[in-house]
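The values are calculated or read from the model by the stated rules, or taken from the named source; none is laboratory data. From a predicted model like this one, the values you see are computed outputs, not experimental measurements. Here Cβ is always computed from backbone atoms with ideal geometry, including for glycine, and neighbour counts include all displayed protein chains. Ligands, DNA and RNA are stripped out before the accessible areas are found, and what is left, the full protein with its side chains, is counted by its heavy atoms. Shrake-Rupley method; radii C 1.70, N 1.55, O 1.52, S 1.80 Å.
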Amino acid sequence: MSTTAQIGVTGLAVMGRNLARNGYTVAVHNRTASRTHALVEEFGSEGEFVATETAKEFVAALERPRRLVIMVKAGDPTDAVIQEFAPLLEPGDMIIDGGNAHFADTRRRERELREQGIHFVGTGISGGEEGALNGPSIMPGGSKESYESLGPMLEKISAKAADGTPCVTHVGPDGAGHFVKMVHNGIEYADMQLIGEAYQLLRDVAGYSPAQIADIFRTWNTGRLDSYLIEITAEVLSHVDGATGKPFVDVVVDQAEQKGTGRWTVQIALDLGVPVSGIAEAVFARSLSGHAALRDASRGLAGPKASPLGEAEAGAFADRVEQALYASKIVSYTQGFHEIAAGSEEYGWDIDLGAVSALWRGGCIIRAAFLDRIRAAYDARPDLPSLLSDETFAQEIADAQDDWREVLVAATRQGVPTPGFAAALAYYDALRAERLPAALTQGQRDFFGAHTYRRTDRDGAFHTLWGGDRSEVTA
């Protein structure tokens, strides 16, 4: 077999198949050879494909340095593919993992393959099957040397922002790319939860129908909430089920599933000591929705039932919900970028937060108009401690907070659960508080466990001898 392919893709499920259809001469391979031949038969007219049936044929079809993209399930399947192909590669070749791998696995794989002279590029890819075909947001990690070779290809196939900039950048060493993709997905969870809460408020409190709410979301999508998720929300809410004639959302079981990246975001945030309460509430909300037996057993619990507002009041309430949604969205992104910054510091990645926000402007699920402003904020102040420290975002939160609080009061009074909105506001209030009850927590810890505490009036660690004269001693 001649060496003709510029890049190769192994794993031809929907994402892998669509990624392969991006304009280069591509070697294609799948464990089941029939899937490889089906791809070439169906889409062969779109470009140049080199169909291969064995690992040796696949590797032999690639020009040097070989660029081999893995699009298989994360975990053991990825390790199995690496173990199959790595012995066939030579120093300078590269393996690109485009799956949703855990960044710790990526760090291990990169280290092991580096010892063999092989570049391992853990690459976050966002955009779903449409993005994989028409241009995703791409978040590659790995060595700078690998990006020098791979970057031009990724830039060509990536989504392009409104200003024409490719939505791809070298995120950082080893697992940095998959870490950023993980946090992207965590923010995605929060975004979807907040949108869901806005929908529930507009329906149960304002009394709007799904079709009317779709129109509200379409209006919001022309302003500062302009985003892919707001856009598709309007489409979902306006859809009518063909079999029943009911709104589509009314025939879908209200149990949300998840693949794990949201949980990883929360788990790693706990390890790093970073508060991502909004993302955590979104993960927990999906988990709660799936506990059908628990929910069935609890429906008779005491509490208010929502009573829809009048027409005039409903319109004003919808405006307040928009404010609450936008303010909560800013908090979610604030928490996500804080986690990226903490991970970058912990692992020595030196991630450019402005560049991350730029590559999310197109192709990915959380693409939104205000990412341009996030990029500008970090470009102006690379050491920005928080998006809430940016003057523009701080002013917008200030302008929104009265409505934000009123929405939560209405939700509480009418018994509509809004964990995402509430967690975002609690985070905001905790940051701006002069004093937190953590002082009492430290006193309790010192009482039962002699864990010590620090004082406001002098340096050092102290412990009180609780009982007796309760004297203070220096720890």
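Would you kindly state how much longer the chain becomes between residue 291 and residue 116 on full extension, computed as 0.36 nm times their sequence separation minus their alpha carbon distance, in nm to one decimal?
Working: separation 175, 0.36 × 175 = 63.00 nm, distance 4.70 nm.
Net length gain for the segment: 58.3 nm.
Order 58-65, 108-115 from most to least packed using the mean count of other Cβ atoms within 10 Å.
Averaged packing, sorted descending, gives the order 58-65, 108-115.
For the full complex of protein chains and a 1.4 angstrom probe, list 287, 357, 34, 45 by accessible area with the highest value first. Mind dumping the intermediate values first?
Values: 287 45, 357 0, 34 80, 45 115 Å².
Greatest to least solvent exposure: 45, 34, 287, 357.
What is the helix-to-structure angle for 311-347, meaning the angle in degrees between its Cα long axis and the longest Cα principal axis of the chain, kept from 0 to 90 and rounded to the nearest 10?
60
So, R0 is 35 Å and r is the distance between the beta-carbons of residue 302 and residue 392; what FRET efficiency does that work out to, to 0.05?
Computed FRET efficiency for residue 302 and residue 392 comes out at 0.20.
Just check the stretch 216-303 against the gyration tensor rule for me: Cα atoms, a ≥ b ≥ c as the square roots of the eigenvalues, rounded for a/c under 1.5, and otherwise prolate or oblate depending on whether a/b exceeds b/c.
It comes out oblate by the Cα gyration axes.
Can you give the accessible area of residue 284, probe radius 1.4 Å, in Å² rounded to 10?
Here the accessible area works out near 120 Å².
For 244, 10, what's the largest-to-smallest order of accessible area, 1.4 Å probe? Don't jump to the answer; show the numbers that get you there.
On the way: 244 75, 10 5 Å².
Of 244, 10, the descending order of accessible area is 244, 10.
Report, in deg cm²/dmol and to the nearest 500, the calculated mean residue ellipticity at 222 nm for the chain, where each DSSP H run with n ≥ 4 adds -39500 (n - 2.57) and the sum is divided by the residue count.
Working: 19 runs with 254 residues, N = 475.
Here the helix-only value at 222 nm equals -17000 deg cm²/dmol.
Pulled fully out, how much extra length does the chain show between residue 456 and residue 43, if you take 0.36 nm times their separation in residues and subtract their Cα-Cα distance?
Length gained between residue 456 and residue 43: 141.8 nm.
Within straight cross-link reach of residue 156, meaning Cα distance under 30 Å, which lysines are found once same-chain residues fewer than 8 apart are removed?
Straight-line reach from residue 156, under 30 Å: 56, 73, 144, 181, 259.
Angle between the Cα long axis of helix 261-272 and the longest principal axis of the chain, 0 to 90 degrees, nearest 10?
That helix lies at roughly 70 degrees to the long axis.
What accessible area per residue comes out for the stretch 274-340, rounded to a whole number of Å², with a 1.4 Å probe? Please list the in-between numbers first.
Numbers: 3040 Å² over 67 residues.
Ligands and nucleic acids excluded, the figure is 45 Å² per residue.
What is the percent carbon and sulfur in the accessible area of the stretch 257-408, measuring with a 1.4 Å probe over the protein chains and ignoring ligands? Provide the component values of the computation, followed by the final result.
Numbers: 3530 of 7080 Å².
On the stretch 257-408, the fraction of accessible area on carbon and sulfur atoms equals 50 percent.
Taking square-rooted eigenvalues a ≥ b ≥ c of the alpha carbon gyration tensor, is the chain rounded, prolate or oblate, where a/c under 1.5 means rounded and, failing that, a/b exceeding b/c means prolate? Don't jump to the answer; show the numbers that get you there.
On the way: a/c = 2.06, a/b = 1.34, b/c = 1.54.
Note, shape of the chain comes out oblate.
Classify the stretch 120-166 from the C-alpha gyration tensor, please: rounded if a/c falls under 1.5, else prolate or oblate depending on whether a/b exceeds b/c.
Oblate, because a/c is 1.5 or more while a/b does not exceed b/c.
Apply the Karplus curve 6.51 cos²θ - 1.76 cosθ + 1.60, θ = phi - 60°, to the phi angles in the stretch 460-475 and return the couplings in whole Hz, x for Gly and Pro.
Each residue's phi maps through the Karplus curve to give x, 9, 10, 9, 9, 7, 5, x, x, 8, 6, 6, 9, 10, 7, 6 Hz.
Tell me the per residue accessible area of the stretch 364-475 using a 1.4 Å probe; a whole number in Å² is fine.
For the stretch 364-475, the per-residue accessible area is 60 Å².
Ignoring ligands, DNA and RNA, what percent of the accessible area of the stretch 1-119 is carbon or sulfur (1.4 Å)?
Result for the stretch 1-119: 47 percent of the exposed heavy-atom area is carbon or sulfur.
³J(HN,Hα) across the stretch 280-294 via Karplus (A = 6.51, B = -1.76, C = 1.60, θ = phi - 60°), whole Hz, x for Gly/Pro?
Couplings: 4, 4, 5, 5, 5, 5, 5, 4, 4, 4, x, 8, 4, 5, 5 Hz.
Can you give me the Cα centroid spacing of the stretch 76-114 and the stretch 320-365 in angstrom?
Between the Cα centre of the stretch 76-114 and that of the stretch 320-365, the gap is 28 Å.
Rank by packing, highest mean first: peptides 133-140, 434-441, with packing defined as the count of other Cβ atoms within 10 Å averaged across residues.
Result, highest mean Cβ count within 10 Å first: 133-140, 434-441.
In the stretch 154-259, which trypsin sites (Lys or Arg not before Pro) fall in coil by DSSP and have 13 or fewer other Cβ atoms within 10 Å?
259
Simple spin-label model, 7 Å along Cα-to-Cβ: residue 380 to residue 267 in nm?
3.9
Roughly how tilted is helix 210-220, in degrees to the nearest 10 and between 0 and 90, from the longest Cα axis of the chain?
80
Treat each spin label as a single point 7 Å out from the Cα along the C-beta direction, and report the residue 474 to residue 215 distance in nm.
So the two model labels end up 7.3 nm from each other.
Compute the accessible area per residue over the stretch 1-142, keeping the other protein chains in place, probe 1.4 Å, unit Å². List each step's numbers first, then the result.
Details: 6000 Å² over 142 residues.
I get 42 Å² per residue for this part.
Applying the Karplus parametrisation 6.51 cos²θ - 1.76 cosθ + 1.60 with θ = phi - 60° to the phi angles of the stretch 375-384, what ³J(HN,Hα) value in whole Hz is obtained for each residue in order, glycine and proline being reported as x?
4, 4, 5, 6, 5, 6, 9, x, 9, 3
Distance between Cα centroids, the stretch 427-445 to the stretch 137-170: provide it in whole Å.
43
Ordered by packing density, taken as the mean number of other Cβ atoms within 10 Å over each peptide's residues, highest first, how do 292-301, 343-352 rank?
The most tightly packed comes first, giving 343-352, 292-301.
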